[in-house]
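Here, each number is a calculation from the coordinates, and none is a lab measurement. Here the structure is a predicted model, which is why all the values come from computation and not from measurement. Positions of Cβ are backbone-derived with ideal geometry, glycine not excepted, and every protein chain shown enters the neighbour counts.
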Amino acid sequence: MLRRPGPCSKRQPLARRPPLDSHSASSWSPWRGPHRRAWRGRHGFAALALLLAFVSPLAASRTAEDAASEASAAGDSEGATARIADGGRALAAGDLEAAAAAFQAARDLDASRGVAWLGLAEVAERKGDLLEALEWARGGLGRVSDKAPALLLIARLQIRIGAPREALETLAELRRLRPEEPAGYLTAAAVLRDVERVDEAISLLQRAASGAAPSPRVSGQLGLLLLEKGDADAARELALTSLEAWPEHAELELVLGLALLADGERRAEAVTWLERALRHGAPGEGKIQLALGEAKLEGCSEEAVEHFHRAVELLPNLPEAHYKLGLGLRGCGDAEGARAALLRFRELSSAVDGADHRRRRVGSALNEVQRTAAAGDIAGALSQLETLVEDNSADDRLFTLRGKLLFSSGKTAEALASVRRAQELMPSRVEGHYLEGLFLSQGRDLGGARAALSRALAIDPDRPEVLKLQAAVIAEQGDLETAAELFSRAADLAPDARVHLAYARVLAALGRQAESEAQMRLYEERRGAPR
Amino acid sequence: MTGTAVRSSGLVLLLALLGAGPASAEALFEDATERLGVRFTHGVFPSGQKDMPENMGAGLAVFDADGDGRLDLFFVQGAPVRGGAEDPASIAHRFFHQRPDGTFAEASERFGFGSPSADRGVGMGVCFGDADRDGDLDLYVTHYGPDIYYRNDDGRFVDATASVGLGKASWSVGCTFFDADGDGDLELYVASYVDFSAENHKYCGDAKRNLRAYCHPDIYGAVADAYYRNDGGRFVDISEKAGIKPSADGKGLGVAAADFDGDGDQDVLVANDSTMNFFYAGDGAGRFEESALFAGLGLNGAGAAEASMGVAAADLDGDQRLDVLLTHLDLETNTFYRNGGDGLFLDRSDVSGLGAPSLPWVGFGVATLDVELDGDLDVAVVNGHIIDNIERFDAERRHRQPAQLFRYDGKRFREFPDALPLGPLVGRGLVAADLDGDGDEDLVLTQNGGPARVLLNRAGDSGASVTLRLTGRKSASDGFGAYVVAYLGERALRRELPMAGSYLSQGPPEIVIGLGGAARIDSLEVYWPSGQIDRHGPIAAGERMELKEKLARKNGAGDRGPSAP
C-alpha cells in the first residue's frame, strides 16, 4: 500500500480559470455530439494515429537509469540514489510492489529526490490509480531539475483521466521549457482535436513543423488533421514535401494515400501509397483497410470486400467497419451477408447513439432542475432529480447537482454520498472532489477535506476556488507556510478581497508583517469604499 | 419534331455560336429582388422561449399559378407559436404574381391567401401538384399546426383542406405530391419533425447564464410521417397500410420523390434530422418498403446519421443515374450519394468536391441548375445556423452564413466563391427556376427571419438551352415522375422533371437543358412514369416546348435505362 503524497508543488499559473461548474456554458456545446462523430467517422485516422503519437515518457525509469550509473560510480549501495536505481529496475521488470517499496524507501531517505516521487507515480499509474499517480507526479515535478519528463507524465495522466483542458496547460508548460520537443506539440494537438479545436491543433503543428520541432511525425499528424478539416490539397502537398525529407515514413505515406483518395482520378495512386504505408507499419491498420476498401469500392469489388472483412477482424467493435462491409457485400449481390453485417452495425451503433441522446436529454432536464432550484423550490428540484436518476444512473452530472441541493438542504451525509458517486462515475471532474472537500470542511473533517481537495488540485492545480479552500483547510490544521503558498497562488489567479484578507492573516501569523500589510492594502482596494 | 415550339431565342443561339466565354464571378448572378418588386420578409414571431418552430421555416414555391405562362412566387410565412397573431395579415402566406414585364406584384389577397385565421399555425413548407387533375397546380402548405390544402380554382386558391380529407395537425415540414401507384393521380407524402409543443417545451442552453437556445431535436421524440392516397381527388391516410413507419423514429425535414432505384416506380426519400434517413422503395402499387440502410442512403459513408435538412435528386455526375445530395449541419459534410446502380448508393462526398467546403456551414436549401448552360449540373446551397444566438456559445460560429455555388468541371464540383451576390444569410428555402424566361435558371431563396431574395442568372446569357414542359396523359398530368435524356453528339444528359425537394420548397415543373455549345439536341427521350418512352428531336437551341405523353404505343416498358440515339 502506497503512502499518500504530500501537498502539491508550487507551479506557475498558466491561465485564469472559469468557475467550477459542471453545467457551465463551456460544457454545453449546442448541436454537437453525434454530428461531430459523424464527421470523425469519415476522417478518423487522426485519432488513432495521434494516440500512438503519445510517447510514454517513463519518467522515473529513465531517470532511474541515470541514478543507477550515479550510484555505481559513487559506490553507494544503501542511499536514496541506489534505492531509486532499484525502483527503476523493478519497474522495468514489471515488479510493481518491489518498485513501490524501493521508491518509497528512497523518498524516506531523501524527500527532495523528485525522481522517487515520479517513480511512485508510475507505479500508481500502472496499478490503475490515476489520481494518486497524479498527486505523486505533481509532488515530483517540484523536485526535479529536468521537468520535461514529469510534465509529459502528468499530461498523460490528465488525458487518461479525461481532463483535456488541464493536460493542455501542462503541455503548454512543457513547450515553454522544451520548445524543441515534438511530444509537446503532438500530444497537445491530439488533445485539441479531441475537444473540437482542430484549427488550433493545426496551427500548433504548423508551428512545430516550420521550425520549432520539425519531425516526420509532426508532419504526419499535421497532414491527418488537414485531411480531417477537408483540406486534401494541403495535406497532399505537405506529405509530398515531407516525404522528400523523410522517405518511406509510414505516416507520411498514409497521409499521401488518404489525400489522393479525395481525388477520384487518382484512386489507384492512393491505393499504392496506402499499401506502402501498411508495409512500413503505419498506425491504425484497421482504418487503413477501410480506406483501401473504400478506394476499391465500385459496384461489386471482391477486393474491397476483402479489405472490409480484414477491417472487421481488426476492429470488431467499430460500427463503421461493419457498415462498409455490409454495403460492399450488398454491391456484390450477397444480400444475406449484407443484412448480417448491417444488423451487427445497428447493434453496435445503437448503443453509442443511445448514450449520446440520453446525455443530451439529461443536459436539458438538468437545466429545468436548476431553474426549479433557482426559483427556491429545492424540494421540487430534488424530486425532479430523483426521477432523472432512476433512468440515468450513470450520469455524474445528476449526482453532482443532487449533492449541491442536498447540502443546501442541510443533508450533509447524503450530499457527500452523492458527490462521491459522481466521482466514481467521472473521476476526472474537479467539481466532485471540490464539493467533497467543501462538505467535509464544513463538518470540520479537515483531514478528509484536505485529501479530497488534493485530488482536485492534482487534476488541475490552478483552480482558484480549490486553492482558496485548500489553503483555508491547511491553515486550520496549522500548516501556515503551505497555506500561505496556496493563498498566494489563489490571489495570483483570481484576486478578490476575501483571499487577500485570509492571506494577510496567515502572513501575519507567520510574522511576515510587511507582506501581510501589503495584502491588507489589496484587501481594502478590492473591498472598495468602507460602508 | 414532336411537341409545340413555344419560343425561340435567336440571340441566345447567336451568342452560343460566337463562343462567348464564361462570365466572370461578378457577373454570374444579379440580385434583382428590389428591381423585380419581390418584397417578402419571413417573420419569426419570437416568443422569447426559443420555441423550435420559430427557427425552422420556411419554404417557397415557384410555379405558374394562373396558366399565363409566367412563373409566380409563393412564400410561406411564419406565425407565433403561442397564441394567435395580433394582425392576421402579418402571418399571411404571400403570393407574388409575375407581370408581363417580368416584375412581380403582391397579389396574396387576389389569389386567395390574404386573410388567414389569426390562430393559423406556423408556416413551414410547401409543395404543389395537379392534385385534382383539372390542369392547374394545387398547393399543400405544411405548418406547425394544421396543414392547409389550397385548391386552385382557375387562379384563385381556396382552402379545401377539410373537403379533401387533409389537414395533418402535427408539426409537418417537407411534403411532395407524386404518383405512387401509377394511376395518374397524385398521392401526397408529408414528413413530420418532432413532438415539440408549448406544453412540453424544454429549456436548452445554459440556465446558469440565463442563456437560452433552440433545442436539438434529440430532446424531443419523433412524429410519424403521413402518406395519403388520392382517391379521385379525395385523400385517404393509408400510411401504415402502405408501409410507412409508424414507429416514428425519424425526424423528417426535406422530402423528395423519384425513381431512385431505377425500377420504374416512384420512391420517397426523407431527409431526417439526426436520425437515419428514410428511403421508401415503392412497388408501383402504392406500397413501400423502408430500406435506407440497405440502399446506402440512410447514413453517411462512415455509418453515421447526419442532421439532414435539404435534398436534391439529380444526375450530378453525368452517368445517367439519379444521385442524391443532402445538406447537413456544420461539422458534417453535405453528403453526395452517388448512385452505383442496382439501388445502391455510396457516399462520395470527398471525391465529389461537395463535402469538405460544406463543413463550416449549416446547409438547408439546395438546388441543381446548369448555371452557364455548359451541359453540366451545378449546385447551389443556402446556409444559416439554427441557433440565432450561436455566437454567444461559440465565437467561431455564425448565425448568418454565406450561400455557396459549386460548379461541375466534368470530374468534380468546385466552389465558386462570391458567385452569389448575397452576403451572409439565414438561408432556408432555395429553388432554381427560369423566372425571366431567358433560357437559364435563376435562384429564389428564403431566409428565416429575413427577406427573400431573387438572383437572376447572367452567366447563362451567353449559353444556349432548351426548355421543356411535360404533360402526362396516362402519367400524372403535370408530368411528375418523368425524366428526359438529351443526346448532344457524344453527350447524354439526364434531367429530372423538378418536383418538391430542396428544403421545404418546390420549383416549377420545367426542365432546362444547357446545350454546352451545341446548336441542338440531336434526340430526346422522355421516360414517363407510366413506362412509356417517347422520342423527340432534333430540337434547336432556344426552343421552349411542351411535350405530351404519347398514348399510341408503349416503347420498351420496363426498360428504364437510356439508350443511344
- Note on the structure: Filtered hits (aspartates and glutamates, Cα-Cα < 16 Å from A:K404, offset >= 8 within chain) -> A:D21, A:E368, A:D377, A:E386, A:D395, A:D396, A:E414, A:E431, A:E436, A:E465
- Query: What number, in percent, do you get for the relative contact order of the stretch B:194-257 if the mean sequence gap of Cα pairs under 8 Å and at least 6 apart is divided by its residue count?
  - Reply: 27 percent
- Query: For B:K550, which lysines qualify as cross-link partners when the Cα separation must be under 24 Å and same-chain residues fewer than eight apart are set aside?
  - Reply: B:K474
- Task: Rank-order B:214-223, A:385-394, B:459-468 by packing density, defined as the average count of other C-beta atoms within 10 Å over each peptide's residues, highest first.
- Result: B:459-468, B:214-223, A:385-394
- Find how many whole Å separate the alpha carbon centroid of the stretch A:341-396 from the alpha carbon centroid of the stretch A:251-315. 39 Å
- Message: Per-residue Cβ counts within 10 Å, from other chains only, averaged over B:207-218: what number is that?
- Response: 6
- Taking +1 at the Cβ of each Lys and Arg and -1 at the Cβ of each Asp and Glu, which of B:G221, B:G205, B:P146 sits farthest along the dipole of the stretch B:114-237 towards its positive end, judged by Cα position relative to the Cα centre? B:G205
- Item | Residues in the stretch B:165-184 that a label on B:S47 would reach, taking backbone N under 16 Å of a point 7 Å out along Cα→Cβ | B:170-172
- Check B:A271: other-chain or 5+ apart residues with amide H under 5 Å from its amide H, H built from backbone geometry? B:L253, B:G254, B:V255, B:A256
- Task: Would you kindly derive the ³J(HN,Hα) couplings of the stretch A:112-126 from the backbone phi angles with the Karplus curve 6.51 cos²θ - 1.76 cosθ + 1.60 (θ = phi - 60°), listing them in order in whole Hz, with x for Gly and Pro?
- Result: 7, 7, x, 5, 5, 5, 5, x, 5, 5, 5, 4, 4, 4, 5
- Item | Rounded to the nearest 20 debye, dipole of the protein assembly as shown from Cβ charges on Lys, Arg, Asp, Glu | 3800 debye
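Within chain B, which is the longest segment containing none of the GluC sites (Glu not before Pro) that sit in a DSSP loop and have at most 14 other Cβ atoms within 10 Å?
B:200-395
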- Between B:F278, B:A312, B:G301, whose Cα lies farthest towards the positive end of the dipole of the stretch B:270-341 when Lys and Arg beta carbons carry +1 and Asp and Glu beta carbons carry -1, centred on the Cα centre? B:F278
- Message: Could you tell me the extents of the stretch B:427-497's C-alpha atoms along the three principal axes, largest first, rounded to whole Å?
- Response: 42, 33, 19
- Note on the structure: Interchain or sequence-distant (5+) residues whose placed amide H lies within less than 5 Å of the amide H of B:C204 are B:A213
- Message: Please arrange B:W528, A:W246 by how many other C-beta atoms lie within 10 Å of their C-beta, fewest to most.
- Response: A:W246, B:W528
- Relative contact order (%) - chain B, alpha-carbon pairs under 8 angstrom, separation at least six: 17 percent
- Note on the structure: The pairs in A:K324/B:K168; A:K287/B:K50; A:K147/A:K468 lying past 31 Å Cα-Cα in this model are A:K324/B:K168; A:K287/B:K50
- Message: Please report the spacing between the Cα centers of the stretch A:452-531 and the stretch B:325-375 in Å, no decimals.
- Response: 58 Å
- Cα gyration tensor, the stretch B:84-150 - rounded (a/c under 1.5), prolate or oblate: oblate
- Query: When B:T33, A:T187, B:T142 are ordered from fewest to most other Cβ atoms inside 10 Å of their Cβ, what list results?
  - Reply: B:T33, A:T187, B:T142
- Query: Quick one: if the Förster radius is 35 Å, what FRET efficiency do A:S145 and A:A508 give, using the C-beta to C-beta distance and rounding to 0.05?
  - Reply: 0.50
- Listing A:L366, A:L435 by rising number of other beta-carbon atoms within 10 angstrom, fewest first, gives A:L366, A:L435
- Task: Rounded to the nearest Å, what's the spacing between the alpha carbon centres of the stretch B:75-132 and the stretch B:241-304? Just the number, please.
- Result: 30 Å
- Query: What does the average come to when, for each residue of peptide B:390-396, you count the partner chain Cβ atoms lying within 10 Å of its Cβ?
  - Reply: 3
- Yeah, the stretch A:76-141 with a ≥ b ≥ c from its alpha-carbon gyration tensor (a/c under 1.5 is rounded, else prolate when a/b outruns b/c, oblate otherwise) is oblate
- Cα-based Rg then Dmax for the stretch A:433-531, in Å, read 13.4, 40
- In Å³ per residue, the alpha-carbon convex hull of the protein assembly as shown encloses 193 Å³
- Message: Through the Karplus equation 6.51 cos²θ - 1.76 cosθ + 1.60, θ set to phi - 60°, convert the phi angles of the stretch B:327-339 into ³J(HN,Hα) values in whole Hz; use x for Gly and Pro.
- Response: 9, 9, 5, 5, 6, 10, 7, 6, 9, 9, 9, 7, 7
- Message: Just to check I understand the Karplus step: with θ = phi - 60° and J = 6.51 cos²θ - 1.76 cosθ + 1.60, what whole-Hz values come out for the stretch A:419-427, glycine and proline as x?
- Response: 6, 5, 5, 4, 5, 4, 6, 9, x
